[in-house]
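First the structure, in the form of structure tokens, and then the observations on it.
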């Protein structure tokens, strides 16, 4: 049409027979939605793409006692509830929940002094198992204000625990929906790992409020922009909460067990894939875990201060937009003056690089020789060198550190790095903190 117009549609759907658990369905008498990636089109006609963003106003008519949707409540009465989300969002972030639920209420005061109402909605009888999830939510809200300067932007934040949910959790704006196992915990039945997992996933979905909701992805090929970044944020949160060394060991063990195998097999694909047959197959260890490693490498290369400067610019420049990997890298180039065209290969090339290490020592000078190989993967037989941050330290034979952690930037097929003024041949400590998702081999 040549100008603005109003489109009205009336549709008939059957949530009770929706066994795909996408769109609007019923879980043990509870109406709920799952719209990522393409579930909203199963509810009504709509341009169901992540770059189509709109402000949603929702009226729910039902005799069920609890009627929830995105945003802030604007009206309610016998048999109805109305909600309005003032922030533009794509349809995949739409949510609706209706049923017999009980709230575990609390509140959080933001750093600017706004009081935000918090609720965790559960089935009757589960209220006593919500305490840890609520505490985790409040910790995440405070951490995001300190670490990224991101304050919550609605009057209300709701979490709903659902027994039948085909994803672990979903970051719908202001109304997160979780599989109940990632919300409910009690000392009698939950392990330490259960508590840590709940804290991590609660934080992950909350962090999406800015990295996924306020700024979303232009298309599903950019999925790693919201997921890799948010995984990195929840990993950093858990590191601060539970110990950086232990958390890093857990993350690397998972990466090597799942993602390295993916990169070495017939389904290897880049962090930003360029094609798909079924969108739900996009949710892989490469997109999530390797995507987070790419963010970590970028932070390691530019430093903490420049990383914060760049992310502040990202939130300012792209708030309310559907962004791309190019947008993300551009803010880092603008904030730091670095050319990241070579670094971008981490997003476009599959496979796990191998770094071969040799060394020599002569008259107080120690030299490390590094060589990178980027093996062929399906559809990508040849690859150019990547930017690989190799964190290195040197130890004396007695164990004293003579060179603190230094990040070497391996950008060529072969490079040498020399360290002089040493009194004895040192022992190298290579790839400290697992500074890059590579395999190190000693020749």
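Computed values, structure above
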{"item": "Kirkwood-Stokes translational diffusion coefficient of the chain, alpha-carbon pairs, 25 °C, 0.890 mPa s, µm²/s", "result": "103"}
{"item": "Calculated FRET efficiency for the pair residue 417/residue 167, C-beta based, R₀ 56 Å, to 0.05", "result": "0.80"}
{"item": "Principal-axis tilt of helix 325-336 within the chain, Cα atoms, nearest 10 degrees", "result": "60"}
{"item": "Simple label model, 7 Å out from Cα along Cβ direction - residue 429 to residue 249, nm", "result": "1.5"}
{"item": "Cα Rg, Dmax, segment 354-442, angstrom units", "result": "14.3, 49"}
{"item": "Ascending count of other beta-carbon atoms within 10 Å, so fewest first, for 137, 255", "result": "255, 137"}
{"item": "The chain - mean residue ellipticity at 222 nm from DSSP helices (-39,500 (n - 2.57) per run, n ≥ 4, rounded to 500)", "result": "-8000 deg cm²/dmol"}
{"item": "Within a Gaussian network of the chain (alpha carbon springs, distance under 10 Å), most fluctuating of 358, 336, 284", "result": "358"}
{"item": "Fewest-first ranking of 195, 366, using other Cβ atoms within 10 Å as the exposure measure", "result": "195, 366"}
{"item": "0 to 90° range, to nearest 10: angle between helix 244-254 axis and the chain longest Cα axis", "result": "80"}
{"item": "Residue among 355, 302, 11 with the largest mean-square fluctuation in a Gaussian network model of the chain, springs linking Cα atoms under 10 Å", "result": "11"}
{"item": "Label-to-label distance, nm, for residues given as residue 443 and residue 358 (7 Å Cα→Cβ offset)", "result": "0.3"}
{"item": "Which of 217, 224 has the fewest Cβ neighbours within 10 Å, and the rest in rising order", "result": "217, 224"}
{"item": "Span from the segment 333-405 Cα centroid across to the segment 24-103 one, whole angstrom", "result": "48"}
{"item": "Cα pair distances of segment 1-105 binned at 5 Å [whole percent]", "result": "2, 12, 19, 24, 22, 13, 5, 2, 1, 0"}
{"item": "Estimated Rh, segment 216-348: Kirkwood, alpha-carbon pairs, angstrom", "result": "15.4"}
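FYI, it's all coordinate maths here, none of it is from the lab. Fair warning: this is a prediction, and the values are worked out from it, not measured in the lab. A quick note on method: Cβ atoms are made from the backbone with ideal geometry, for glycine too, and the neighbour counts reach across all protein chains shown.
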